[in-house]
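Data block below; observations after.
The values are calculated or read from the model by the stated rules, or taken from the named source; none is laboratory data. These numbers were taken from a predicted model, which means no experiment stands behind them. Ideal geometry is used to build each Cβ from the backbone, glycine not excepted, and the neighbour counts take in all protein chains shown.
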Amino acid sequence: MDASTLFAVIAFATVTSITPGPNNMMLLASGVNHGFRASWPHMLGISIGFAVLLLATALGLGALMQQWPTLSLLLKTGGGAYLVWMAWRLWQAEAPRGTETAAAGHTRPRMGFWAAAAFQWVNPKAWMMALAAVAGFLVPGAPWWSGLLLALVCGLVNLPCIALWAYAGARLARQLADPARRRVFNAVMAVLLLASLWPMLRA
């Protein structure tokens, strides 16, 4: 990968990572509801999970998806169902009212490392990014380490970009300390998560 290609990959990864999508909507909500530090497992799961997905795509999974449309449909269906479930959890989430509420299980949804990494495999935007990166920056028959390098660069660029969303949410937390405002925010995030399904439904 020469310097010009590396710059193009970084630019591509920056633009696609920092723009709104399911991951960033959930990180914004996580920053508000749990804070920036507690959102780190979620962020790392996204970046590492996406890098693994991109590498798998470069090694032939992307071609397999094109050959088996049913597999693509199953992934879309799973991703859509998961987003609807997350949106429902956000919609039903209650602002904290003390330790008794938390102990009773009425806590706001929080995604950990493994769940975030696994979600990339059913995330429509992650698939579009991976397929576009492989098609745009890897020549047919490229050695496996070219795909590995592409995945590492995209994963490393992705992390600070998505971290901005969690940080923005953490900064908003003080303004949303009022339980009524917090419920409105979570409801808006739920609607935006559902709206992120639109590109997948059109595909």
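The residue that is surrounded by the most Cβ atoms within 10 Å (Cβ to Cβ), counting only those in the range 148-203 that are over 14 Å from the mean Cα position of the chain (by Cα) and of a type in the set (Val, Ile, Thr), is VAL153.
Scan the range 153-161 and tell me whether some residue there is in a helix (DSSP H, G or I) and of a type in the set (S, T, N, Q). Talk me through it step by step, then tell me what you get.
Step one: of the range 153-161, the residues in a helix (DSSP H, G or I) are 153-161.
Pick out the ones that are also of a type in the set (S, T, N, Q) and you get 158.
Checking the range 153-161: at least one residue is in a helix (DSSP H, G or I) and of a type in the set (S, T, N, Q).
Starting from residues that are aromatic (Phe, Trp, Tyr) and touching a residue at least 12 places away in the same chain (Cβ under 8 Å), keep the ones in the range 122-163 and report whichever is nearest to ALA195 (Cα to Cα). My answer is TRP127. Take the range 12-39 and flag every residue that is free of Cβ contacts under 8 Å to residues at least 40 places away in the same chain and either part of a helix (DSSP H, G or I) or of a type in the set (Gly, Ala, Ser) (or both). VAL15, ARG37 - these are the residues of the range 12-39 that are free of Cβ contacts under 8 Å to residues at least 40 places away in the same chain and either part of a helix (DSSP H, G or I) or of a type in the set (Gly, Ala, Ser) (or both). Scoring LEU176 on the criteria (1) modelled with pLDDT under 85; (2) under 23 Å from THR14 (Cα atoms); (3) in contact with a Phe, Trp or Tyr (Cβ under 8 Å, 6 or more places away or on another chain) leaves a single failure, condition (2).
The set of residues in the range 14-54 that are over 13 Å from the mean Cα position of the chain (by Cα) and more than 27 Å from GLN175 (Cβ to Cβ) comprises THR14, VAL15, VAL52, LEU54.
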